[in-house]
Structure formats: C-alpha cells, structure tokens
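For reference, the structure discussed in these notes is given below.
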Amino acid sequence: MIRVFILYYHVETLKKIQETVVHYFHDVRHTFELTACYTYQNAVAYLKKSSGQDDIYLLDFSEFEKANRLVTWLRGRNLNASWVNLGGSKEKFLQTLILRPSGYIEHPENRDEVFETIRKLDRYHQAIQKKYYFSFKYEGEQMRIPYDEISYFESSAKKVTLYRANSDQKYYFTAKLDDIGQRLPSFFLRCHQSYLVNMHMIRCLDTKAHVFMLHTNEEIGISRRMYAQAKERYQNFMDESEN
C-alpha cells in the first residue's frame, strides 16, 4: 500500500490534485491511502501524528519558508519518503536540491503533470516495498513491516502469527507459510512445518535439542525432516556473516 499526503492552499486545485491521485490508483488497482490538507497548521498536526511515515508528499511551495521547514522535518524522520514541489518557482526549487526532492510540478492544476509524477513515484515505492517490507492485512488494515524487524512466523490451524523483533507485538492473519516463504529475503529459514525464522534473530543452534535459540531466549523447533538442510543453511549464513 502506498500512502500519499497532499498540502495545497488553494482548495479547488487541491480537489483536482486529489481526484487525479485517486484516478491513478484506481486505474492501476493499487491499494493506497490519501490524506489532504489546505492549511499549514493542519499539515503540521497530521505529520506529527503520523510521524512522517507516508511514502509520497506533494507540498505547496508557494510559501517557501513553511514548506522548507516541513521538508527538513520530514527528511529527519523518513529518508525513504518522496516529496514533490508543487507550484513553487524554479529558482526556489533549486534551493531545495540539498533536501533531495523527487519531482517538481510547475502547474499543479495540470492533471497530466500530476498523473505522470504519481505514476513514477508509485512504481518506485512499489519496488521499495517488495524489497524491504512484508505486507499483509491485519484486522482490516493493510500493514507493512520491515523484514529486519520480523523475528519469526508461526503457523497453526491455517492461521499465521508474525512475531515482531524487540517487541511484544504479534499479528495474526490467514496465509500459508509456503506462500510467505516465497516472498521473503534469503535470510529467512524454513526449519519446520510451523516455523519460518529470521536467521539474524538466532543466537545459536542447539544440536542436542534440535532447536534454534533466539536472542529473546525463545526456542524455534527444527523438524527431523528439515534438520540437516536447516543446519547447513544456518552454518552457511553464519560463515557469510563473518566474511
């Protein structure tokens, strides 16, 4: 899912931008969330509440100092976000290059400019999410968690539990471990019919008990059928980590 935030002070133009963004995502059938503000105060309140974790920010630069403060704040919290200068002058836009803008829309009322910018940024963030995030539905909401924050997956009675690292958080959803395994990076190991474990979270392999001991002192069982392969893959992972 792609999260988009828009700040634009002219309400009618803001509506046109919103319509174009919605039209694009409906056209490509990608899930998205869209938040829009037409005052600086509301934008600041939303960004603080969301901790600046949206993916794409379309920001009105007609009031340069305010917009520049927003972008500086964003860059300190979300280096992966893309932000676009809406309607500011080209001269002022050049002053923002140090903050790594992802685009410049000179005429925000121009649907083609907005549509093409969103198309490019959506493709970029879709690729980023596949590479760095695990996405799933939890209690009706689309979730995404960085792979390196996942400790392990446990399957039971057609339900999967995702255990988040360094946290008591658990997420339950319906899926098959086989399907999940195909989406994960190579540092995840299937060691049991019921477990997929992040090898970064393993403290050691107990060869007598046939379990992986995690840094949290949890034990992940290894099945007899998978033991030899799991042991070899874990040893190779450790060897590569040391090099």
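If I filter region 193-209 for residues that are surrounded by 12 or more Cβ atoms within 10 Å (Cβ to Cβ), in contact with a helix residue (DSSP H, G or I) (Cβ under 8 Å, 6 or more places away or on another chain) and part of a helix (DSSP H, G or I), do I get at least one hit? Looking for residues that are surrounded by 12 or more Cβ atoms within 10 Å (Cβ to Cβ), in contact with a helix residue (DSSP H, G or I) (Cβ under 8 Å, 6 or more places away or on another chain) and part of a helix (DSSP H, G or I), one finds at least one in region 193-209, hence yes. The selection criterion, being touching a His at 6+ places or on another chain (Cβ under 8 Å), closer than 25 Å to H30 by Cα and surrounded by 12 or more Cβ atoms within 10 Å (Cβ to Cβ), does not hold for F187.
Would you mind stating whether R111 is among the basic types (K, R) and more than 20 Å from V11 (Cβ to Cβ)? Spelling it out, it is not the case that R111 is among the basic types (K, R) and more than 20 Å from V11 (Cβ to Cβ). Applying the condition of being among the aliphatic types (A, V, I, L, M) and over 15 Å from Y38 (Cα atoms) to region 53-86 and asking which residue is surrounded by the most Cβ atoms within 10 Å (Cβ to Cβ) yields I56. If you filter region 1-17 down to residues that are over 21 Å from Y124 (Cβ atoms) and in contact (Cβ under 8 Å) with a residue 12 or more places away in the chain, you find that the one that is surrounded by the fewest Cβ atoms within 10 Å (Cβ to Cβ) is V11.
The residue list E106, E113 contains one member that is over 20 Å from E33 (Cβ atoms) and crowded, with 17+ Cβ neighbours inside 10 Å, which is E113. A residue that is out of contact with any Gly (no Cβ under 8 Å at 6 or more places or on another chain) and among the charged types (D, E, K, R) can be found somewhere in region 28-35. Does S151 satisfy being more than 30 Å from R29 (Cβ to Cβ) and touching a strand residue (DSSP E or B) at 6+ places or on another chain (Cβ under 7 Å)? When the stated conditions are applied, S151 passes them. Quick check: is even one residue across region 82-103 over 23 Å from F64 (Cα atoms) and acidic (D, E)? Within region 82-103, not a single residue is over 23 Å from F64 (Cα atoms) and acidic (D, E). Being touching a residue at least 24 places away in the same chain (Cβ under 8 Å) and loosely packed, with under 14 Cβ neighbours inside 10 Å is the filter here; which residues of region 24-52 pass it? Once the filter is applied, which keeps residues that are touching a residue at least 24 places away in the same chain (Cβ under 8 Å) and loosely packed, with under 14 Cβ neighbours inside 10 Å, region 24-52 yields V28, T31, T39, S51.
Residues of region 215-243 that are aliphatic (A, V, I, L, M) and closer than 12 Å to L189 by Cβ: I220, I222, M226, A230, M238. Restricting attention to region 6-32, the residues that are closer than 15 Å to R119 by Cα and assigned to a strand (DSSP E or B) total 1.
No value in this document is a laboratory result; all are computed from the given coordinates. Keep in mind it's a predicted model, so treat the numbers as computed, not measured. Every residue, glycine as well, gets a Cβ built from its backbone with ideal geometry; the counts of neighbours run over all protein chains shown.
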